[in-house]
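Only one structure is covered here, and it is reproduced in the block below.
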Ligand SMILES: Nc1ncnc2c1ncn2[C@@H]1O[C@H](COP(=O)(O)OP(=O)(O)O)[C@@H](O)[C@H]1O
Ligand SMILES: [Mg+2]
């Protein structure tokens, strides 16, 4: 007789159904696992045997075969331990097989029979719920699995004994509660920043329309400081966005204590980060920084210092809002709709543009440094601003800058205006102006006649390309949204044009 237990394999954040089949038959004693198991899955035989011994069960000296179907899908990770052991316990009659058929199962076993944390419980729970099943997962994953819905039956035992007792009815496991992260710790606040009025304004616009932002300025101007204060003015995530973000974090094993937070992710990879760390990859095709920044901010400080390969790999996710990891025989896709905030010095020594300073290497210092950023990459950054050194008079002045709370309120209002507009047009998957493409842009911007005239002049003088024009209009739309105007005025367009700082000879045209 064959016992079946449902489990999952992960392809990105998607949980693909896998059927674990166990058969105990007469023949020479053997224990084999088939169905494209990786090393961790093949080793699960030893953990299963020991865990069974620990709870006083022994595998019979018979031929034991475990098959993971579909057989051509690669199975990676240690979460197959628990479904395998449960399928065997079903075959041995320790747990009624029909009780097991109501659940999808995942978890790793210790030699002593305890069940330990595995990554991916949230997407597994969502998958199980979609198939009308409950979920059996480790106790440490219970809080995160419980988020998949009130009606999902979740069993989160600490060890095998508890699970056996639950099915025997002698100790009932209670449903774990979904846990929310404690967001009491305050975020860095904008009031710490003195002066830098124009950079603050650009940050507010970037937040309001989820536009990508590049800040160029000398060291110590406060670029890193500004970027780190962006999360404090971004609106919290909606429930659906929070779930998307948490699924990615869950697969990466980064959902601390299974607690979900409505705060937008803020990822700050070091400039030495490898391509695999940024895009994702390695064992089990883990998500990279770009996917982990989904619905939030990817802050790349010292932008030109990143590996050229990494910089170029940004282009595709910025366009398609997803990262694709190529494996031997399939592709893994993660959502990656992030807002890029980049900061850089104008040149290697960081002193270009300083009054009275001439670099030993002349203009080449700045040219070489900025040339590390390709045109197509810069082209995808809507806002490019210069952050000058902070003035001594501003620093010494006792008056603090505007705090984050009122700015956040304006940003939230502007975003609500965008959402209402998209909803009126029946575009449910559009969230911010940064998602606006060409056709739609014309429909939603309609600048006033004087604005159109200015745009024509600018297009000629600054040699704006069609794409460049779209970018200006998109930012102008956000500026108007921030000001509460339905029509885009000439002033909005003039301001949008001012955020096209020249980098690497890529002029305002791009
Ligand atoms: N506008 C500012 N207001 C207050 N302090 C500032 C400002 N700009 C810079 N500083 C101070 O200078 C330090 C360095 O700023 P940082 O953001 O790291 O500069 P950058 O990233 O531009 O090199 C900050 O930690 C802060 O103490
Ligand atoms: Mg810095």
Here are the criteria: (1) surrounded by 16 or more Cβ atoms within 10 Å (Cβ to Cβ); (2) more than 30 Å from the chain's Cα centre (by Cα). Tell me which single one residue 78 does not satisfy. (2)
How many residues does the stretch 200-245 hold that are more than 16 Å from ligand 2 (Cβ to nearest atom) and touching a helix residue (DSSP H, G or I) at 6+ places or on another chain (Cβ under 6 Å)? 11
Residues of the stretch 198-217 being without any contact (Cβ under 8 Å) to a residue 60 or more places away in the chain and within 13 Å of ligand 1 (Cβ to nearest atom), which ones? 203
Take residue 98 and tell me if it is surrounded by fewer than 22 Cβ atoms within 10 Å (Cβ to Cβ) and part of a loop (DSSP other than H, G, I, E, B). no
Looking at the structure I just gave you, is residue 90 assigned to a loop (DSSP other than H, G, I, E, B) and within 18 Å of residue 106 (Cβ to Cβ)? no
Taking only the stretch 120-146 into account, find how many residues are out of contact with any helix residue (DSSP H, G or I) (no Cβ under 6 Å at 6 or more places or on another chain) and crowded, with 22+ Cβ neighbours inside 10 Å. 7
Mind telling me which of the residues 243, 255 ends up being surrounded by 23 or more Cβ atoms within 10 Å (Cβ to Cβ), within 13 Å of the chain's Cα centre (by Cα) and at pLDDT below 95? 255
When you go through 220, 195 one by one, which is the residue that is near ligand 1 (Cβ under 10 Å from one of its atoms), surrounded by fewer than 17 Cβ atoms within 10 Å (Cβ to Cβ) and in contact (Cβ under 8 Å) with a residue 60 or more places away in the chain? 220
For a quick check of your reading: which helices (runs of 4 or more DSSP H) sit entirely within the stretch 361-431 and have at least 1 residues that are at negative phi, within 16 Å of ligand 1 (Cβ to nearest atom) and surrounded by 12 or more Cβ atoms within 10 Å (Cβ to Cβ)? 364-370, 392-396, 404-424
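Residues are listed down the side, and each one gets a yes or a no for (1) surrounded by fewer than 22 Cβ atoms within 10 Å (Cβ to Cβ); (2) within 16 Å of ligand 1 (Cβ to nearest atom); (3) touching a residue at least 24 places away in the same chain (Cβ under 8 Å):
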{"position": "320", "(1), (2), (3)": "yes, no, no"}
{"position": "323", "(1), (2), (3)": "no, no, yes"}
{"position": "326", "(1), (2), (3)": "yes, no, no"}
{"position": "331", "(1), (2), (3)": "yes, no, no"}
{"position": "334", "(1), (2), (3)": "no, no, yes"}
{"position": "337", "(1), (2), (3)": "no, no, yes"}
{"position": "350", "(1), (2), (3)": "yes, yes, yes"}
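The values are calculated or read from the model by the stated rules, or taken from the named source; none is laboratory data. Not measured: the values here are computed from a predicted model. Note: ideal-geometry Cβ built from the backbone for every residue, glycine included; neighbour counts use all protein chains shown.
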